[in-house]
Amino acid sequence: MSKITRRKFLAGSAAGGAAMMMTPAKKAFAAGSFEGFPDGMGVLVDLTRCVGCRTCEAACNVEQKLPEPALPFDDTSVFDEMHHGQKRRTTDKAYTIVNRYEPKSADEPLYRKIQCNHCNEPACLTSCFVNAYKKTPEGAVIYNSKVCVGCRNCMIACPFHIPAYTYSSVLNPVIKKCIFCYDTRLKEGRPPACVESCPQQVMTFGKRKDLMVIAHERIKKNPGKYVDHVYGEKEVGGTGWFYLSNVPFEEAGFDVNLPKKPIIDNVKDFLAIVPMVLTIWPALFTGFHLLATKGKSHGHGDDNSHDKQEGH
């Protein structure tokens, strides 16, 4: 790396910054009055029915052509995995995951499927200054990797911590998340693969407005079975995937402190200046990458020292 001069580094960074500045930013955020599409589809998830079989994970893996997992889908040891004190989260290789919880108010464990909730007013969409996200009339929140600049602002904005980033690709950053099987199923009116594969009928697919009626009827007709709340009906402006539970939602790992209004309503002023701020770090990121890759190409001495560092 010592053979890369400061001038070369700054030149690489400046070039990256210039390219970023030339990228058109159509809108910093969307209108706060948008409330989704009236005929958008959704999924009602009944946590009382889930047994943790992870069939939904396997179906998603096949449908989206994702890499094989380190452990097979029938391996329940994944429920004991913890990363930095947190249970499993979705990744660029797993768009949906099932976690197990031990609620204090129940005698048995509870299993919860986690994926993108396809918000009515997505914070990922409204925080993206290059318009990489789109909310479709069918209800899906989809993503265009071709225009993404890797700022990862959507990862920060998402109240459910869903978007994942392919860190292995420095110069071609890609965000990965559940897209509601939009290309292969949803736009043809078919349910997503996870829903169709579930042997316990945990998930019900249909128009969001119709499913909300079903959810409230299920609560009313089964007194004492469910918490009297549909999680996702009002949270952050409403979501396309919403939940019924027999235990308080916080005991199933849900954030119960989310506002009823869309997240974007609280950060519009901040996001208005984000495009200027975020033109800086990708340029520096590119510069660091140039330092690393060019350093490897200058003789075997540098390569050997790099290998030693990687191997210790």
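Here the range 29-163 yields Rg over Rh of 0.99, to two decimals, using C-alpha coordinates and the Kirkwood radius. For the range 29-271, what are the per-bin percents of Cα-Cα distances with bins 10 Å wide, up to the bin holding the maximum? Final binned percentages: 7, 32, 39, 19, 3, 0. The convex hull built on the alpha-carbon positions of the range 128-240 has an orientation-averaged projected area of 8.9 nm².
Ranked by the mean number of other Cβ atoms within 10 Å of their residues, highest first, the peptides 249-257, 196-204 fall in the order 196-204, 249-257. Dipole magnitude for the range 29-271: about 460 debye, using +1 per Lys or Arg Cβ and -1 per Asp or Glu Cβ, origin at the Cα centre. Its Cα centre serving as origin, the range 45-95 has a Cβ charge dipole (Lys and Arg +1, Asp and Glu -1) of approximately 160 debye.
For the range 178-212, the residues whose amide N sits under 16 Å from a probe point set 7 Å from the Cα of R49 along the beta carbon direction are 191-208, 210-212.
Were the residues from A106 through N172 laid out at 0.36 nm apart, the gain over their Cα-Cα distance would be 19.1 nm. Legend: distances between Cα atoms for K146/K207; K65/K134; K65/K260; K104/K221; K135/K209; K93/K209; pairs beyond 28 Å are K146/K207; K65/K260; K93/K209. Over the range 106-187, the hull volume per residue, using the convex hull of the C-alpha atoms, is 136 Å³. Listing R100, R185 from fewest to most neighbouring C-beta atoms within 10 Å gives R100, R185.
Couplings for the range 222-230, taken from phi via the Karplus curve 6.51 cos²θ - 1.76 cosθ + 1.60 with θ = phi - 60°, read 10, x, x, 7, 10, 5, 7, 6, 9 Hz in order; Gly and Pro are left as x.
Laboratory data are not the source of any read-out in this text; all were calculated from the coordinates shown. Bear in mind the structure is a predicted one, so any value in this text is a computation, not a measurement. Don't worry about glycine lacking a Cβ; one is built from the backbone with ideal geometry, like all the others, and counts go over all protein chains shown.
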